[in-house]
Amino acid sequence: NQNKDKVWYQIKASRITDITGNATKLTGTVSDQTFQKETEAKIWELAFIDQLTMLPNRTSFKYKMEEEIERAEKYGNGIALFLLDLDNFKRINDTLGHSVGDILIIEIANRLKNKNLDVYRFAGDEFAVILSGELTLLMIEKISGQIHEMLLEPFQYQERTIMTSFSVGISIYPEGGNNLEKLVQNADTALY
């Protein structure tokens, strides 16, 4: 197919045998499954990817955190959950418009993606970052500082400079919670 990167085919084959059971012929059908596979991929994307930022969404976050908690229980890994909230986002939307607010959210997502962080769009103006592995408080503080510096850098939109500030809440497994609900609740409490 010249217009597509991948083409999916389903091939079904059957043997035709004579009365003694020996195969005499092979018959089959080939059907193009490309549309179905593309539709399945789009449904998956809508379920797990935030369409504005193209970051994994809250559903993806939930699955990832459950995997990380399971891994931490099994191997003793650490987990640090950062919840980031853009301060006064409603004021930005109200004064500059929702389209500018969307551009700002996209820019924030891009900055976080460029740091190769495991980042998720958690809700409207909230993001989550998951750190896992062998973690120390010094590492967590260092990454928190890097995120803080990166997000405080002014954003440029047309001829405007938009200054932002963020609130960050961090919870660490298992002290800050030994399950998803507790970790998120405690990071949210720290955030506010």
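Values as computed for the structure displayed
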read-out: Solvent-accessible area of ASP118 with every protein chain in place, 1.4 Å probe, in Å² to the nearest 10; value: 50 Å²
read-out: Charge dipole (debye, nearest 20) of the chain; +1 at Cβ of Lys and Arg, -1 at Cβ of Asp and Glu; value: 800 debye
read-out: Gap separating the Cα centres of region 140-173 and region 65-91, nearest whole Å; value: 17 Å
read-out: Estimated distance in nm for a label pair at ALA23 and THR59, the labels positioned 7 Å out from Cα along Cα-to-Cβ; value: 4.2 nm
read-out: Rule-of-thumb Rg ratio for region 55-164 [Cα; 2.2 N^0.38 Å; N residues]; value: 1.18
read-out: Hull shadow area, averaged, region 10-102 [alpha-carbon convex hull, nm²]; value: 12.5 nm²
read-out: Cα-based helix-to-principal-axis angle, 137-152 vs the chain, degrees rounded to 10; value: 80 degrees
read-out: Zero-based 10 Å bins, Cα pair distances in the chain, whole percents; value: 8, 27, 25, 15, 11, 7, 5, 2, 0
read-out: Pairwise label distance in nanometres, LEU135 with GLU38, each label 7 Å out on the Cα-Cβ vector; value: 4.1 nm
read-out: Under 24 Å from LYS113, Cα to Cα: lysines that are on another chain or at least 8 residues apart; value: LYS42, LYS62, LYS64, LYS90, LYS142
read-out: Cross-link partners of LYS12 among lysines (Cα-Cα below 16 Å; sequence separation of 8 or more within a chain); value: LYS25
read-out: Per-residue [θ]222 nm for the chain (sum of -39500 (n - 2.57) over DSSP H runs n ≥ 4, rounded to 500); value: -14500 deg cm²/dmol
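The values are calculated or read from the model by the stated rules, or taken from the named source; none is laboratory data. If you're wondering where the values come from, they're calculated on a predicted model, not measured in any experiment. Cβ atoms come from the backbone with ideal geometry, glycine included; neighbour counts cover every protein chain shown. With ligands, DNA and RNA removed, areas are computed over all heavy atoms of the protein, side chains included. Shrake-Rupley method; radii C 1.70, N 1.55, O 1.52, S 1.80 Å.
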